[in-house]
Amino acid sequence: MDFKFVGYNFDNESYVATFKYQNQFGQDFAETIEFVKPAEPYAYNPQLLENALKLSFFLIGTSYYKAHPTKTAIYDGFELDEFQAEFFNKVYQEGLSQYAYENQLTRDDLLHFTATVANQPTAQAYDGQGVIMTQSGGKDSLLVTELLDEKGIDFTPLYVAPSDTHPAILDSFKNPLLTMKRHIDREALKATGGLNGHVPITYIIESLVLVQAILLGKNLALMGIGQEGNEAHATIGDLEVNHQWSKTWTAEKMLAEYVKRYISPDIKIGSPVRAYSEVKISELFAKKCWEKYGHQFSSCNVANYTQGHDNSGLKWCGKCAKCANSFLVFAPFVPAEELKTLFDGKDLFADPELMDDFKGLLGVEGAIKPFECVGEIGELRAAYHMKQPGYADLPFEVPASDFDYNKTYEHQDLI
């Protein structure tokens, strides 16, 4: 028996989509997404919506496939051409590389799709106009918000909610926040047991934002993602282990091409800050956003996104690799006493409990880079040596770095 992609449907009245799967032991999974229904519904193209939902269907499947992985799957009734099969192979292999590493799997153990039809693009013409911007309360998405405001570009802010709360900072935008709700089938996952691990969540979110854009008549879907995720943490044979492959530039280009071929060439999706390094984004945030958002934002997952946690007021735990990374990238641009206020007055460089995390982030003593969305080792070393006066010194030598944090990376021109 194989993992089965059972089917999906969209209710035109409630704007609720249901995605169904079944594992090789007969355990059924059903995930529901509550999309935002506008007061005056947009007359969307049904085939366009269908094509976007199909993308979400195959991407969301990673959340259920991972419990009991199989090498092949059943997707009867869902045609995949060669480009699509290779696209989803990347998702279920590169996109699950951290999961594979932590569960001692290889590329051969992961799902391999095969084409069922010849190349058969299904793109539709689209006349929607407008910008939808995904928000999280982190520095990247808030910086994009500021850049849009500077350019006078109107946008609809969207939050994909894993719980019944959302960061209060997201209520401060000019336009009202729209909230899409994702209901993962946690009970079925609990019942089936099996393996756990990181999935390509950024791809899942982006695919849902595409559906929401079509339902609202928008043609530009924006995320806040810098130049990150490209540096591998480890390797498994020919498989590079990456915490968030779906945040890489390679993944953004692949998704843009998929949208062009199978949804619409008139819809664009990507990140306006892709051109910038993690350190450069921190500098821009410090200059453009700190006064407005400095004591309201957070990039800490532990303090804000634990299952069932109330994240209306964003916080920092000060004990995780993500907090350590943020401390590093802001230290060159934010005075020590100011940055320490985010962490209850604590200088993270002086915290013994974070030394292993800093060693991993800075590539010292063979420590593995933490499995988080963090900067490259070279740029984090550069940031450490650029830190302003008043910060403690780490109790180990940090190698020098010639990393140019001002360099511009390849990117899409989106705004």
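Results, tabulated for the structure shown:
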item: The range 347-380: number of residues that are over 21 Å from Asp140 (Cβ atoms), in contact with a helix residue (DSSP H, G or I) (Cβ under 6 Å, 6 or more places away or on another chain) and assigned to a helix (DSSP H, G or I); result: 3
item: Gly61 vs. criteria at positive phi and in contact (Cβ under 8 Å) with a residue 12 or more places away in the chain; result: no
item: Every residue from the range 352-364 that is over 17 Å from Gly378 (Cβ atoms) and touching a Phe, Trp or Tyr at 6+ places or on another chain (Cβ under 9 Å); result: Leu354, Met355
item: Filtered residue count, the range 43-54, keeping only those that are at pLDDT below 95, among the hydrophobic types (A, V, I, L, M, F, W, C) and either buried (at least 18 other Cβ atoms within 10 Å of the Cβ) or in contact with an Asp or Glu (Cβ under 6 Å, 6 or more places away or on another chain) (or both); result: 0
item: Scope the range 162-176; condition assigned to a loop (DSSP other than H, G, I, E, B), without any contact (Cβ under 8 Å) to a residue 60 or more places away in the chain and crowded, with 16+ Cβ neighbours inside 10 Å; matching residues; result: Phe173
item: Subset of the range 1-49 (residues that are without any contact (Cβ under 8 Å) to a residue 40 or more places away in the chain and charged (D, E, K, R)); result: Asp11, Glu13, Lys20, Glu40
item: Single match in Thr235, Thr192 (criterion: surrounded by fewer than 16 Cβ atoms within 10 Å (Cβ to Cβ) and among the β-branched types (Val, Ile, Thr)); result: Thr235
item: Residues of the range 253-296 satisfying the condition of being in a loop (DSSP other than H, G, I, E, B), more than 25 Å from Gln212 (Cα to Cα) and within 18 Å of the chain's Cα centre (by Cα); result: Ala275, Tyr276, Ser277
item: Boolean, Ile205 is closer than 20 Å to Val144 by Cα, surrounded by fewer than 22 Cβ atoms within 10 Å (Cβ to Cβ) and under 10 Å from the mean Cα position of the chain (by Cα); result: yes
item: Failed item, numbered, when His309 is tested on (1) at pLDDT below 90; (2) not in a loop (DSSP other than H, G, I, E, B); result: (2)
item: Residue match in the range 126-138 (condition: free of Cβ contacts under 8 Å to residues at least 40 places away in the same chain and surrounded by fewer than 20 Cβ atoms within 10 Å (Cβ to Cβ)); result: no
item: Residue check, Tyr75 in contact with a Pro (Cβ under 9 Å, 6 or more places away or on another chain) and either over 24 Å from Gln244 (Cα atoms) or in the same structural domain as Val199 (by TED's automatic domain parsing) (or both); result: no
item: Given (1) modelled with pLDDT of 95 or more; (2) in contact with a His (Cβ under 8 Å, 6 or more places away or on another chain), index of the condition Ile368 fails; result: (1)
item: Any hit, the range 92-115, residues being surrounded by fewer than 20 Cβ atoms within 10 Å (Cβ to Cβ), at pLDDT 95 or above and farther than 26 Å from Leu195 by Cα; result: yes
item: Criterion: within 26 Å of Glu146 (Cβ to Cβ) and surrounded by fewer than 19 Cβ atoms within 10 Å (Cβ to Cβ) - qualifying residue of Glu353, Glu376, Glu372, Glu337; result: Glu337
item: Residues (assigned to a helix (DSSP H, G or I), under 16 Å from the mean Cα position of the chain (by Cα) and closer than 23 Å to Pro38 by Cβ) located in the range 142-161; result: Val144
item: Looking only at the range 216-232, and only at residues there that are surrounded by 22 or more Cβ atoms within 10 Å (Cβ to Cβ) and of a type in the set (A, V, I, L, M), the one that is farthest from the chain's Cα centre (by Cα); result: Ala221
item: Criterion (in contact (Cβ under 8 Å) with a residue 24 or more places away in the chain and closer than 19 Å to Lys54 by Cα) met by exactly one of Tyr203, Tyr159; result: Tyr203
item: Enumeration of residues in the range 335-362 that are under 27 Å from the mean Cα position of the chain (by Cα) and in contact (Cβ under 8 Å) with a residue 12 or more places away in the chain; result: Leu339, Leu342, Phe343, Leu348, Leu354, Met355, Asp357, Phe358, Lys359, Gly360, Leu361, Leu362
item: The listed residue being within 30 Å of Leu284 (Cβ to Cβ) and not in a helix (DSSP H, G or I), out of Thr179, Thr235, Thr250, Thr202; result: Thr179
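Listed here are the residues, each with its yes/no results for (1) touching a residue at least 12 places away in the same chain (Cβ under 8 Å); (2) farther than 19 Å from Arg107 by Cβ; (3) outside the structural domain of Asn45 (by TED's automatic domain parsing).
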| residue | (1), (2), (3) |
| --- | --- |
| Ala221 | yes, yes, no |
| Glu231 | yes, yes, no |
| Ser246 | yes, no, no |
| Leu284 | yes, yes, yes |
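This table checks each residue for (1) assigned by TED's automatic domain parsing to the domain that holds Phe58; (2) in a strand (DSSP E or B); (3) at positive phi; (4) exposed (fewer than 14 other Cβ atoms within 10 Å of the Cβ).
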site: Asn9; (1), (2), (3), (4): yes, yes, no, yes
site: Glu13; (1), (2), (3), (4): yes, no, no, yes
site: Lys20; (1), (2), (3), (4): yes, yes, no, no
site: Gly26; (1), (2), (3), (4): yes, no, yes, yes
site: Ala30; (1), (2), (3), (4): yes, yes, no, no
site: Val36; (1), (2), (3), (4): yes, no, no, no
site: Pro41; (1), (2), (3), (4): yes, no, no, yes
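The values are calculated or read from the model by the stated rules, or taken from the named source; none is laboratory data. Values in this document were obtained by computation on a predicted structure and should not be read as measured data. Neighbour counts are summed over all protein chains in view; Cβ atoms, including those assigned to glycine, are modelled from backbone coordinates with ideal geometry.
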